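These notes are about the structure you will find just below.
The values are calculated or read from the model by the stated rules, or taken from the named source; none is laboratory data. Quantities reported herein were computed from a predicted structural model and do not represent experimental measurements. Please note: Cβ atoms are built from the backbone with ideal geometry, for glycine as well, and neighbour counts cover all protein chains shown. We work out accessible area using only protein heavy atoms, side chains counted, and drop any ligands, DNA or RNA first. Shrake-Rupley method; radii C 1.70, N 1.55, O 1.52, S 1.80 Å.
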Amino acid sequence: MQPKASDIELIQSVLKGNRMAYADLIKRHQRYVFTLALRFVKSREEAEEVAQDVFVKAFNALKDFQGTAKFSTWLYRITFNTAMVYNRKKKLDLVSVDDEAYGYSAASEIATDSDESFDHKSKSVYLSKAINSLAEDDATVITLFYQNEQSLEEIAEIMNIEPNNAKVKLHRARLRLKQKLEVMLKEEVKDLI
C-alpha cells in the first residue's frame, strides 16, 4: 500500500500534465468546498454550481499556487470569492422582494421548529439550522473554524482580513449562534454549548 500523496505532490503532478492527480485533489477537498459554498448560497444546486466553478478556477490558477499557505486555505479563498461573486450576480438578476411584506420571518420559522420535540432531532440538525440562519460572514467563520478546522490565521487569509479581526468575528459569531440556538431550543441549548 502506497502512502497518500500530499497536496503539494499532487499539484506538482498536475503541473507536469497528470490530470488524474487533480481528480485526487478534488476528491480530497470536494466536501469542504461544497459545505462552504452551501453556507453562502443556501441551495444544494447552487452550491454544486459554485463548487464546480471553484475547481475549474483552481485548476486554471494552479500554476500560480505558491505554497506559502496550505492548498486548502488557497482553495477555500477561491471558494469564498466565487460564492460572493455568484451571490452578487444572483442579486442583480433577481427582483428584490421584501419577505416581511408577505408575512415571512426567520424568527417564526425558528419558533415553529422549537415546538418540535428535541428528542426527535439530533443536535447537528439544530446546529446546522442555526448556522444557516446566521449572516454570511458569521456562518463562514463558524464553518471554517469548527467544521473545516481552519486556524484563525487561515480564516483571516481566506476572508482577506487580519487575524485579530478573524478572532473577533469568531467570538461574535459564536455569540450570535448561541442566541439563535437559545431561540430554537430554549433550555436545551445548555446541552449543546
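Remark: for residue pairs Lys70/Lys169; Lys90/Lys180; Lys57/Lys178; Lys27/Lys89, the C-alpha separation exceeds 30 Å in Lys57/Lys178. The residues of region 1-61 expose on average 64 square angstrom of accessible surface per residue, using a 1.4 Å probe on protein heavy atoms. Sorted on the mean count of surrounding Cβ atoms within 10 Å across their residues, most packed first, peptides 4-15, 56-67 read 4-15, 56-67. Toward the positive end of the charge dipole of region 1-75, with +1 on the Cβ of Lys and Arg and -1 on the Cβ of Asp and Glu, the farthest Cα among Phe40, Gln66, Ile8 is that of Ile8.
Let me know the shape class of region 1-54, please: from the alpha-carbon gyration tensor, a ≥ b ≥ c as square roots of the eigenvalues, rounded when a/c is under 1.5, otherwise prolate if a/b is greater than b/c, or oblate.
Details: a/c = 3.43, a/b = 2.26, b/c = 1.52.
In terms of gyration-tensor shape, prolate.
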